[in-house]
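S.K.: Submitted below is the structure of interest, expressed as structure tokens.
The values are calculated or read from the model by the stated rules, or taken from the named source; none is laboratory data. Everything numeric here is computed off the predicted structure, so don't read it as measured data. Cβ atoms come from the backbone with ideal geometry, glycine included; neighbour counts cover every protein chain shown. Note: areas computed on protein heavy atoms with side chains; ligands, DNA, RNA excluded. Shrake-Rupley method; radii C 1.70, N 1.55, O 1.52, S 1.80 Å.
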Amino acid sequence: MDPYMQAAIAEARQGLAEGGIPIGSVLVHHGTIIGKGYNRRVQLGSPILHGEMDALENAGRLPASVYRESILYTTLSPCPMCSGAILLYGIPEVVIGENRTFTGEEDLLRSRGVTVTVLQERECIEMMSRFIAERPALWNEDIGTEEDKR
């Protein structure tokens, strides 16, 4: 398996171990991971810290040229918010662990010239499938498909 996807999966596992949603991401520039993160909405009570957003946040403030030369790896297809950030910063390539449990805005990304590769990694599919089955209310809250039933 690709070492960058392995790093994203490790991030997703960390989120799950903390009681959160198992989605991880890494931002890679010229073969070096410059930002990594995982969905921390639950842990921090944040409405926006999806895995991709956390990786971008942890990369810190960067020149636009760095984003335009980077690849974002994420264990799950990016939602509209994360896809918007990808487009805003001009990230030209996204590698997705899986899109069977959730298909985000891949068509939008492609329509704007982003190269999108979906790997259908077994571990990503199994981790998300298990999480969704065990915590459907939390999953629905994360993707905004159902009212919060706390």
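S.K.: Looking at the range 43-69, which of its residues are under 15 Å from the mean Cα position of the chain (by Cα), assigned to a helix (DSSP H, G or I) and over 11 Å from Ala8 (Cα atoms)?
M.R.: Of everything in the range 43-69, those that are under 15 Å from the mean Cα position of the chain (by Cα), assigned to a helix (DSSP H, G or I) and over 11 Å from Ala8 (Cα atoms) turn out to be Met53, Asp54, Leu56, Glu57, Asn58, Ala59.
S.K.: Just need a number here: residues in the range 69-90 that are free of Cβ contacts under 8 Å to residues at least 60 places away in the same chain, under 20 Å from His29 (Cβ atoms) and hydrophobic (A, V, I, L, M, F, W, C).
M.R.: Summing the residues that are free of Cβ contacts under 8 Å to residues at least 60 places away in the same chain, under 20 Å from His29 (Cβ atoms) and hydrophobic (A, V, I, L, M, F, W, C) in the range 69-90 gives 6.
S.K.: Give the residues of the range 70-95 that are open to solvent by less than 60 Å² (accessible area, probe 1.4 Å) and either assigned to a helix (DSSP H, G or I) or over 15 Å from Met5 (Cα atoms) (or both), sorted by residue number. Step through it out loud before you land on a result.
M.R.: Quick first cut of the range 70-95, residues open to solvent by less than 60 Å² (accessible area, probe 1.4 Å) only: 70-79, 82-87, 90-95.
Correct list: Cys79, Cys82, Ser83, Gly84, Ala85, Ile86, Leu87, Gly90, Ile91, Pro92.
S.K.: Let me ask something additional. Somewhere in the range 96-112, is a residue assigned to a strand (DSSP E or B) and among the aliphatic types (A, V, I, L, M)?
M.R.: Filtering the range 96-112 for residues assigned to a strand (DSSP E or B) gives 96.
If we keep only those that are among the aliphatic types (A, V, I, L, M) as well, we get 96.
Yes, that holds for at least one residue.
S.K.: How do the pairs read when you match residues in the range 7-31 that are over 12 Å from Tyr73 (Cβ atoms) and without any contact (Cβ under 8 Å) to a residue 24 or more places away in the chain with residues anywhere that are open to solvent by less than 10 Å² (accessible area, probe 1.4 Å) and in a loop (DSSP other than H, G, I, E, B), using Cβ under 7 Å and keeping only pairs 6 or more apart or on different chains?
M.R.: Listed by first residue and then by second, the contacts come to Gly20/Asn39.
S.K.: Continuing with this model, one more query. Which pairs turn up if I take residues in the range 107-135 that are over 21 Å from Leu16 (Cβ atoms) and look for partners that are of a type outside the set (D, E, K, R) and assigned to a helix (DSSP H, G or I) with beta carbon separation below 6 Å, at least 6 apart in sequence or on another chain?
M.R.: Leu108/Ser83; Leu109/Ser83; Arg112/Leu87; Val116/Leu109
S.K.: Being under 16 Å from Ala7 (Cα atoms), at pLDDT 95 or above and open to solvent by 30 Å² or more (accessible area, probe 1.4 Å) narrows it down to one of Asn58, Asn39, so name that one.
M.R.: Values: Asn39 fails: open to solvent by 30 Å² or more (accessible area, probe 1.4 Å).
Going through Asn58, Asn39 in turn, the sole match is Asn58.
S.K.: Any chance the range 117-127 includes a residue that's touching a helix residue (DSSP H, G or I) at 6+ places or on another chain (Cβ under 8 Å), charged (D, E, K, R), open to solvent by 30 Å² or more (accessible area, probe 1.4 Å) and at pLDDT 95 or above?
M.R.: Among the residues of the range 117-127, at least one is touching a helix residue (DSSP H, G or I) at 6+ places or on another chain (Cβ under 8 Å), charged (D, E, K, R), open to solvent by 30 Å² or more (accessible area, probe 1.4 Å) and at pLDDT 95 or above, which makes the answer yes.
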